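A short write-up of the structure that comes next.
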Amino acid sequence: MVKLKVLQQLAKHHGTPLFVVDHDILRKNYAEFRKHLPRVQAYYAVKAFADPQVVKTLFEAGSSFDVASMPEFKIVHEFIKDMPHKERQDWIWDKIIYAHPIKAGKTLQELNPYKPLVTYDNSEEIRKIKKYAPNAGLALRLKVLNTGAMVELSSKFGAAPGEAVDLILEADRAGLVVEGLSFHVGSQTTNFENFVQAINLAASIFEEAKSRGYTKMNLLDIGGGFPVPYDKSVKPFKELAKKINAELNRLFPKEIQILAEPGRFMVATAATAISTIIGKAVRDGKLCYYIDDGVYHTFSGILFDHCQYRLNAFKNGPKDICTVFGPTCDALDVVSMSEELPGNLKLGDLLYSKNIGAYSVASSTPFNGFPPAKIVHVNK
Ligand SMILES: Cc1ncc(COP(=O)(O)O)c(C=O)c1O
């Protein structure tokens, strides 16, 4: 994390709310991912923090990208468009997967010229892809266990294991090429068994497809979900990587290309939010601080990402359990109901929250007219 003194200087210079992104940490996270999962090409899930400068740094570090909308696609395409065009028909797949299983027809039409790699999980989507993006390659998204994940995703997406090969054969009959399988074990998955079981399920679908005559699959996309050490209960990434490597090497021959779509893992630890105390009150005997950032803004992850961020003061002092409210008029705008902060903080004092890079400013809104945090990039 950027030194506290530097954070204070940045807040003084730029004002608050402020969102400080440390590119050294982005590079470190990418390097750690590749070091521990050498067989897995990382496609950064842009949705976690769709910032062109973040994309640039990760691109330069060697990353590929998972996008879920045309605006995200365009952010990435800006960087890859000048890459030397390879003869291979699937050149764009080296850098982009469009990994949203449900795509509007118009989106597919726009994607088609790029010969994209897209995910799907149902028959209607096959018909849509055939009609609007016949040049696309397909990856079938499987429904897998999301047990213990902070953000569950399998209730919305994924083909049931029993229908998987039928959907592969249906796409084949439609004249499309299913290149492989994908899954997502749920975001911030601290239950490593989810990955083990999903890889085993994918291997059994590969086998069943082969036994039913389909032999064109050459990739496995193990999705996102790689956990971030928000607290000490999260086991080290290298323990998870060891399990994933063991299963991949046991079940998938070397010629199968392995992809992953880490979002949170790349960006969460790279950003710190700084806010200013703008109000102070005692309500029902409890100390309440009001700050200039809240759940409609940088702390949106409290609602949308089910994530709780700790607040810290730059000043020391005897601590109280207090409530921290955001700046809007909405009573929903609660950053924390029980934060341990010095009770003697004054209006104008600063607070900071670490590890807030993922799914935070990404879903910030302009509600109530309060401006979103200014984003500052350091160590570019
Ligand atoms: C299809 C897909 N891929 C990747 C991700 C990124 O997941 P994470 O941030 O948990 O790594 C998500 C998150 O929702 C997703 O839906």
Over the stretch 1-94, the quotient of the Cα radius of gyration and 2.2 N^0.38 Å is 1.29
Among 207-214, 265-272, how do they line up from the highest to the lowest mean number of other beta-carbon atoms within 10 Å? 265-272, 207-214
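Largest first, how would GLU125, GLU170 line up by accessible area (1.4 Å probe)?
GLU170, GLU125
Per 0.36 nm of contour for each residue apart, how much would the distance between LEU303 and MET70 grow if the chain were fully extended, relative to their Cα-Cα spacing?
81.4 nm
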Might you work out the accessible area of SER204 for me, using a 1.4 Å probe with all protein chains in place, and round it to the nearest 10 Å²? 60
Please list ASP330, ASP292, ASP231 in order of solvent-accessible area, largest first, computed with a 1.4 Å probe with all protein chains present. ASP231, ASP330, ASP292
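Quick one: grab the alpha carbon gyration tensor of the stretch 100-168, order the square roots of its eigenvalues as a ≥ b ≥ c, and give me rounded if a/c is under 1.5, else prolate or oblate depending on whether a/b is larger than b/c.
Taking the square roots of the gyration eigenvalues as a ≥ b ≥ c, the stretch 100-168 is prolate.
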Hydrodynamic radius by Kirkwood for the chain, inverse mean 1/r across distinct Cα pairs, in Å, is 22.0
For the stretch 111-137 and the stretch 319-358, what is the centre-to-centre distance using only Cα atoms, to the nearest Å? 46
Which of LYS238/LYS374; LYS35/LYS315; LYS28/LYS143; LYS81/LYS210; LYS47/LYS156; LYS103/LYS380 have a Cα-Cα distance over 28 Å? LYS238/LYS374; LYS35/LYS315; LYS28/LYS143; LYS81/LYS210; LYS103/LYS380
Can you compute the FRET efficiency between ALA31 and LYS243 using 1/(1 + (r/R0)^6), with r the Cβ-Cβ distance and R0 = 25 Å? Round to the nearest 0.05. 0.80
Springs between alpha-carbon atoms under 10 Å, Gaussian network over the chain: tell me which of MET70, MET150, MET83 tops the mean-square fluctuations. MET83
Derived scalar couplings ³J(HN,Hα) [the stretch 321-333; Karplus, 6.51 cos²θ - 1.76 cosθ + 1.60; whole Hz; x for Gly, Pro]: 8, 9, 9, 10, 9, x, x, 6, 7, 7, 5, 6, 7
Angle between the chain longest axis and helix 123-132 axis [Cα atoms, degrees, rounded to 10]: 80
Checking the a/c ratio against 1.5 first, then a/b against b/c, what shape does the Cα gyration tensor give for the stretch 267-354? oblate
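Counting only protein chains, not ligands or nucleic acids, how are LYS232, LYS74 ordered by accessible area (probe 1.4 Å), most first?
LYS232, LYS74
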Packing-based ranking, highest mean first, of 252-263, 276-287 given that Cβ atoms within 10 Å are counted: 252-263, 276-287
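How much accessible area per residue does the stretch 23-268 have, in Å², with a 1.4 Å probe?
42
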Accessible area of CYS322 in the full protein assembly, 1.4 Å probe (Å², nearest 10): 0
For the chain, modelled as a Gaussian network with Cα springs under 10 Å, which listed residue fluctuates most, ARG127, ARG264, ARG173? ARG173
Rounded accessible area of TYR296 (nearest 10 Å², 1.4 Å probe): 40
Karplus 3J(HN,Hα) series, Hz, for the stretch 192-201 with 6.51 cos²θ - 1.76 cosθ + 1.60 (x for Gly, Pro): 5, 4, 4, 5, 4, 5, 5, 5, 5, 4
5 angstrom amide H check on GLN257, placed H, neighbours 5+ away: LEU219, LEU220
Dmax and Rg, reported as Rg then Dmax, of the stretch 215-340 (C-alpha, Å): 20.8, 68
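Could you work out what % of the accessible surface of the chain is carbon and sulfur, using a 1.4 angstrom probe and leaving DNA, RNA and ligands out of the count?
Carbon and sulfur together cover 54 percent of it.
Please give the FRET efficiency for ASP24 paired with LEU251, using the beta carbon to beta carbon distance and R0 = 45 Å, rounded to the nearest 0.05.
Step by step, r from the Cβ atoms, then E = 0.80.
Go ahead and run the numbers for FRET between CYS329 and ILE102, Cβ-Cβ distance against an R0 of 51 Å, rounding to 0.05. Numbers along the way, then the final one.
Numbers: r = 35 Å, r/R0 = 0.69.
Once the sixth-power term is evaluated, E becomes 0.90.
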Can you tell me, using C-alpha contacts under 8 Å and at least 6 residues apart, the relative contact order of the chain as a whole percent? 20
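The values are calculated or read from the model by the stated rules, or taken from the named source; none is laboratory data. Note that the structure is predicted; figures quoted are calculated from it, not measured. As a convention, Cβ positions derive from the backbone with ideal geometry for all residues, glycine included, and neighbour counts pool all protein chains shown. Side chains included, ligands, DNA and RNA excluded: accessible areas come from the protein's heavy atoms. Shrake-Rupley method; radii C 1.70, N 1.55, O 1.52, S 1.80 Å.
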